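Scroll down for the structure; my scribbles are underneath it.
The values are calculated or read from the model by the stated rules, or taken from the named source; none is laboratory data. Please read all numbers here as calculations on a predicted model, not as lab measurements. A quick note on method: Cβ atoms are made from the backbone with ideal geometry, for glycine too, and the neighbour counts reach across all protein chains shown. Areas reflect the complete protein model, heavy atoms only, side chains present, ligands, DNA and RNA absent. Shrake-Rupley method; radii C 1.70, N 1.55, O 1.52, S 1.80 Å.
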Amino acid sequence: MLWCVAVQSVAQDADRNRRYDAFFLDAICQREKGNNDAVFDLLRHCVDIDSTRSEAYYYLAQYYSALKQKDTVLSYLKKSVELEPDNATYLETLANAYLNQRKYKDAIDVLERLCEKNHDRDDVLALLIQLYEQENDYDNAIRTLGKLETIEGKSERLSYAKSDLYTKKGDKKAAIAEMKTLADQYPNDNNYRCLYANTLYINGQKKKAVAIYDKVLKEEPDNRNAQMALVAYYNDQKDSANVNSMIERVLFNKNASTSDRVALMRQVIGDSEEAGGDSTRVLQLFHRLINMPQADSDMALFCASYMNMKKMPNDSIRQVLEKVLEMSPDHAAARLQLVSYAWQAEDRDRVIELCKAARQYNPDEMAFYYYQGIAYYQKDDLDNALNAFQNGIGVITSDSDPSIVSDFYAVMGDILHQKRMEKEAFEAYDSCLVWKEDNIGCLNNYAYYLSEKGIRLDDAEKMSFRTIKAEPKNATYLDTYAWILFMQKRYDEAKTYIDQTLENDTTPSAVLFEHAGDIYYHVGEKEKALEYWQEALEQSDESDGRQQILTRKIKLKKYLEE
């Protein structure tokens, strides 16, 4: 009878395992297909079939995590670990769940279990050290660091970390001893001696530390670590003479890094500003630095920034920026600043020259194409201007500044219109407004040129109206809007806006007076129209071709449709 019961139990277990495996395999297949709802239901059914199998709990925890059910996540992960305590993946996932919920002590317990099963997991040991330190449990942090040292061997990084932990714990003697051991291990390496001296300094033994620094510098005058440490010491002692002397030693030390030099120059500048802002010594140091062999372009740029802060003449700053380009021809920031200075000086040829070089060294920097195109445009070199803008469009990406891209297309539209390529001009304006629909200058020009052609007047009126809403006293925009209304035969409204135009324009042009005359003629004020036409004639230029038509309007006393 007992044998029959046992056979029956084994058969039931086998059937349960078979059903569980079938549903679990189906869940994994549905997971691969992305059918998450089905996976969720199948995994829960697996738990119902056999609550002693860990896999379903582990995967369900991931779905409860997506549902932000934190307590259930922990419950299921703990269950999976309980059922399979040696599974490193389960332990690591549970530890991460505790970390995400800031349950650091629970995370530490799980990570310790993980380390017991995987003695060579240096990443887990490193995480434990961080957690113990965060919990101010310095003893366990030091103990764990010792385990890491067993795996990796003694090193500067680990010894320094251990010494730092002893210092935080308040055990100055142990902190010093740790770094002394490292220094004794490498007696001919002055950098380790400096690390030992730093630990002495931090832990209150300053005289002993300074003695080591001095000894190091006698043996190795350019030792950067000893020099930097003494700068800090003299700063603490408020010994400005020695501070300045040591700073200069570091600045011109061939072993100093750019970050060292920048940090020290910031201190020099700060001290200078506190003392009244005399820039003489600061500039002397900068000029010596940027004229050193193997000088650093970043230091030259720092010098230019300082000179800019001190509001020094552009020509002086320009010379330093030129030095930057000598060292680093591809330094886009320096070149852009030089372009800006040339632009302010209205030196369009220099702008073009700088931008041409930039297209070799910084071919993807859109700003250079823009400035080059504008410079050519202002020199009335439409072909080269158009070429620059078209090449600039070639480097536009989805990350480009919409305002700059919009201006690219706007100016291109103006150039194309001047070249009587109206179809292409209107396409450029359309592209401009795609990138920035409220580009006011483009809206005005687009609207006016449409009205000149007498096409799409409704679109032109809408565009022009946006410009006067944005700048209600801008005479150019008011004139455009008044003229579009005139073209739409909305004469009374046109008169209202042409009057506003005349009120806001201190130097009305011949075109504006002619527009005013045409509008006044159509509202029945013919005498006033004649006055405006006469004003237009007096201001017109023979080259604009308007004198003949204006003369006929005045002579015939009537509007002439062109």
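For the chain, the longest principal axis of the C-alpha atoms and the axis of helix 491-504 are separated by about 70°.
Round to the nearest 0.05 the FRET efficiency obtained for Asp189 and Ala88 when R0 = 22 Å and r is the Cβ-Cβ distance.
0.05
Helix-only arithmetic for the chain: the sum of -39500 (n - 2.57) across DSSP H runs with n ≥ 4, divided by the residue total, places the mean residue ellipticity at 222 nm at -25000 deg cm²/dmol. If you model segment 409-547 as an ellipsoid using its alpha carbon gyration tensor, with each semi-axis the square root of five times an eigenvalue, the axes come out at 26, 17, 13 Å, biggest first.
Solvent exposure of the chain, expressed per residue, is 54 Å² of accessible area, with all protein chains present and a 1.4 angstrom probe.
One quarter of the convex hull surface built on the alpha carbon atoms of segment 372-485 amounts to 7.1 nm², the projected area averaged over directions. Projecting the Cα atoms of Tyr132, Thr397, Leu354 onto the charge dipole of the chain (Cβ charges, centred on the Cα centre) puts Tyr132 farthest toward the positive pole.
Over all distinct Cα-Cα pairs of segment 149-244, the Kirkwood formula returns a hydrodynamic radius of 13.8 Å.
Rounded to the nearest 10 degrees, the inclination of helix 457-470 to the longest alpha-carbon principal axis of the chain is 70 degrees. Across every direction, the projection of the convex hull enclosing the Cα atoms of the chain has a mean area of 44.8 nm².
About the Cα centre, and with charges only on the beta carbon of Lys, Arg (+1) and Asp, Glu (-1), how big is the dipole of segment 270-392? Nearest 20 debye, please. It would help to have the intermediate numbers written out before the result.
Numbers: 12 positive and 19 negative charges, 26 e Å.
Result for segment 270-392 is approximately 120 debye, rounded to the nearest 20.
Using the alpha-carbon positions of segment 501-561, Rg (one decimal) and Dmax (whole number) come out as 10.8, 31 Å.
Taking one quarter of the surface of the C-alpha convex hull of segment 68-189 gives a mean projected area of 8.1 nm². To the nearest ten degrees, helix 104-117 and the longest principal axis of the Cα atoms of the chain are 60 degrees apart. Listed by chain and number, the lysines whose alpha-carbon sits under 24 Å from that of Lys553, ignoring those within fewer than 8 places in the same chain, are Lys453, Lys489, Lys495, Lys526, Lys528. To the nearest µm²/s, what D does Stokes-Einstein give for segment 272-403 at 25 °C and 0.890 mPa s, using the Kirkwood radius over alpha carbon pairs as Rh? Result for D is 153 µm²/s. Cross-link partners for Lys557 among the aspartates and glutamates, with Cα-Cα distance under 12 Å and sequence neighbours closer than 8 places in the same chain left out: Asp518, Glu525, Glu527, Glu531. With a Förster radius of 45 Å applied to the beta-carbon distance between Thr181 and Glu32, the computed FRET efficiency rounds to 0.25.
Of the heavy-atom accessible surface of the chain (probe 1.4 angstrom), what whole percent is carbon and sulfur?
Roughly 46 percent, rounded to a whole number.
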